[in-house]
Structure formats: structure tokens, C-alpha cells
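J.: Sharing a structure here in C-alpha cells format.
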Amino acid sequence: MGDVELAEALRRQGISDQRVLEAIRRLERAEFVPEAMRNVAGQDTPLPIGHGQTISQPYIVAFMTQALDLQPGERVLEIGTGSGYQTAVLAQLCGEVYSVEVVPELAGPARERLERLGFGNIHFRVGDGTAGWPEEAPFDAILGTAAPERLPPALYQQLRPGGRLVLPVGPLHGTQELIRVTRPPAGEAARVENLLGVRFVPMTSAPPSDFLH
């Protein structure tokens, strides 16, 4: 069935990328939230998913995805799998998604959920999101769903020239800004754009990484 009404509400709020709207329309957000929250899953609001983490507001999911301007076949690094909702949106729009989650108790169920829903182009890792996934770099696009105080250098270094990175940055209890960084050809300065004031959970480090897939 999917979230037809949610996608239409996002269109009215200014989300104009039809591919992003269609990706959201094909999903049911209720699949990605705790059972007790399913009756409010269609609302445009963040919801707790346990372990101090949240599933982002649908408008923010759509806005961030639209800002990446994904093309078919591109390889995307996602920092913060969470419940897998943003991951599922990305996976419909690109070639491969490499998703890193610091909380094992979220990573395992997210993988099971996404595989049950038929996604075969997502790779999972439990570990420190600030380190990215260097073995699979460079990436065409990187998206972060948790906020470091500043852009982790490893993430920028794993972006290919011409690639785009969308990430919230700023302190937990201070002003956070959603930024888009475009990596230019060698020798040129990065292009940094401030897109939107936001509030995300902090991006935390973890022990050495472990593969799920």
C-alpha cells in the first residue's frame, strides 16, 4: 500500500523531486517504528526507536535525500542505519548503499527488516560512523543521520571528486545546521552550503568495526 498520503503531504511542503516522493510513497513508515508507535507513523514527526535514537521526521528524510540529487547506479555511504527507513529510501534511488550503525541492537533488526522487504543492494556494518567505510571508498554521495560537532575528515576524504555529502553538524544542545559539501577536483576548495536548521542525535564513536554483510 505505501504511504500515499504522507508523500502527498511532503509534496505540499515543497519536496519537488518526484523520485524521492515515489520512494516514500512505496514504503510504509509503520514498518520501521516500534509497534507502540505504528498508529502515529504517518505523522510528519520524529519518533523514538530505542537506545536513545530516533527515526527522522519524514520531511527531513525527503529533504536530505533530495539534496543529495542521487543518480541511478551511484554508490552511497549512509552514517546511521537506525531503523532502516532512510536506508530504504536511498536504496530505491541509487545502485548500492553502504550503511554504518554504531548501535548493534539497531543494526541487526534493521538488516533483517530491509532484507525481508526485498532490498538486495544494501551492505551493513556495525561500527564508528565517523570513520566511514574506507575499504569501499570513494563514494558518489554520503548522507549522515546523526550530528557530529564538525565534519569528520574521513568522510570528506571518502567522497569522490564531484561527490556530495549531506550531514547535520553542531553540538547536541546548541545550533545544528544541515550542510551540503561538494568535493571539487583536486586543488580547489570544497563547496559548503548551509541548507536548514535541524536537531539530530549526536554522532558517536565506537570500538573497531565489525561486518554484518
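J.: Looking for something in a helix (DSSP H, G or I), under 20 Å from Leu70 (Cα atoms), open to solvent by less than 80 Å² (accessible area, probe 1.4 Å) and not hydroxyl-bearing (Ser, Thr, Tyr) - is there at least one such residue anywhere in the stretch 25-46?
T.: The first filter runs over the stretch 25-46 and keeps only residues in a helix (DSSP H, G or I), leaving 25-26, 29-32, 35-40.
Narrowing the set further to residues that are under 20 Å from Leu70 (Cα atoms) leaves 25-26.
Filter again for open to solvent by less than 80 Å² (accessible area, probe 1.4 Å), leaving 25.
Pick out the ones that are also not hydroxyl-bearing (Ser, Thr, Tyr) and you get 25.
Yes - at least one qualifying residue is present in the stretch 25-46.
J.: Also: Test Leu151 against the criterion of being at pLDDT 90 or above and not charged (D, E, K, R), and give yes or no.
T.: On the way: at pLDDT 90 or above: yes; not charged (D, E, K, R): yes.
Considered against the rule, which asks whether it is at pLDDT 90 or above and not charged (D, E, K, R), Leu151 comes out as yes.
J.: Another question about this same structure. Looking only at the stretch 178-187, filter to residues that are open to solvent by less than 30 Å² (accessible area, probe 1.4 Å) and not in a loop (DSSP other than H, G, I, E, B); which one of those is farthest from Val201 (Cα to Cα)? Explain how you work it out, then say what you get.
T.: Of all residues in the stretch 178-187, those open to solvent by less than 30 Å² (accessible area, probe 1.4 Å) come to 178-179, 181, 184.
Among the residues that remain, those that are also not in a loop (DSSP other than H, G, I, E, B) are: 178-179, 181.
Numbers: Leu178: 13, Ile179: 16, Val181: 20 Å.
Checking each candidate, the answer is Val181.
J.: Considering only the stretch 148-166, state which residues are crowded, with 17+ Cβ neighbours inside 10 Å and part of a helix (DSSP H, G or I). Step through it out loud before you land on a result.
T.: The initial filter retains those residues of the stretch 148-166 that are crowded, with 17+ Cβ neighbours inside 10 Å, namely 148, 151-152, 155, 158-159, 163-166.
Residue satisfying the conditions is Leu155 alone.
J.: On to the next question. Please list, ordered by first then second residue, the pairs with beta carbon atoms under 9 Å, 6 or more apart or interchain, first in the stretch 179-191 and more than 21 Å from Ala146 (Cβ to Cβ) and among the β-branched types (Val, Ile, Thr), second modelled with pLDDT of 95 or more and part of a loop (DSSP other than H, G, I, E, B).
T.: none
J.: Which fully enclosed strands (runs of 3 or more DSSP E) of the stretch 50-147 have 1 or more residues being touching a residue at least 40 places away in the same chain (Cβ under 8 Å), surrounded by fewer than 22 Cβ atoms within 10 Å (Cβ to Cβ) and acidic (Asp, Glu)? Write out each step before concluding.
T.: Details: elements: 53-55, 75-79, 96-101, 122-126, 139-144.
Of the strands (runs of 3 or more DSSP E) lying wholly inside the stretch 50-147, those with at least 1 residues that are touching a residue at least 40 places away in the same chain (Cβ under 8 Å), surrounded by fewer than 22 Cβ atoms within 10 Å (Cβ to Cβ) and acidic (Asp, Glu) span 139-144.
J.: Whether any residue in the stretch 167-177 is closer than 13 Å to Ile142 by Cβ, touching a Gly at 6+ places or on another chain (Cβ under 6 Å), surrounded by 18 or more Cβ atoms within 10 Å (Cβ to Cβ) and modelled with pLDDT of 85 or more is what I want to check.
T.: Yes - at least one qualifying residue is present in the stretch 167-177.
J.: Shifting gears a bit: Of all residues in the stretch 188-198, count the ones that are under 24 Å from Gln57 (Cα atoms) and surrounded by fewer than 17 Cβ atoms within 10 Å (Cβ to Cβ).
T.: In the first step, residues of the stretch 188-198 are kept if they are under 24 Å from Gln57 (Cα atoms); the result is 192-198.
If we keep only those that are surrounded by fewer than 17 Cβ atoms within 10 Å (Cβ to Cβ) as well, we get 192-197.
Qualifying residue count, the stretch 188-198: 6.
The values are calculated or read from the model by the stated rules, or taken from the named source; none is laboratory data. Since the structure is predicted, the reported quantities are computational estimates derived from the model, not experimental observations. Reconstructed Cβ throughout: ideal geometry from the backbone, glycine too, with neighbour counts over all protein chains shown. With ligands, DNA and RNA removed, areas are computed over all heavy atoms of the protein, side chains included. Shrake-Rupley method; radii C 1.70, N 1.55, O 1.52, S 1.80 Å.
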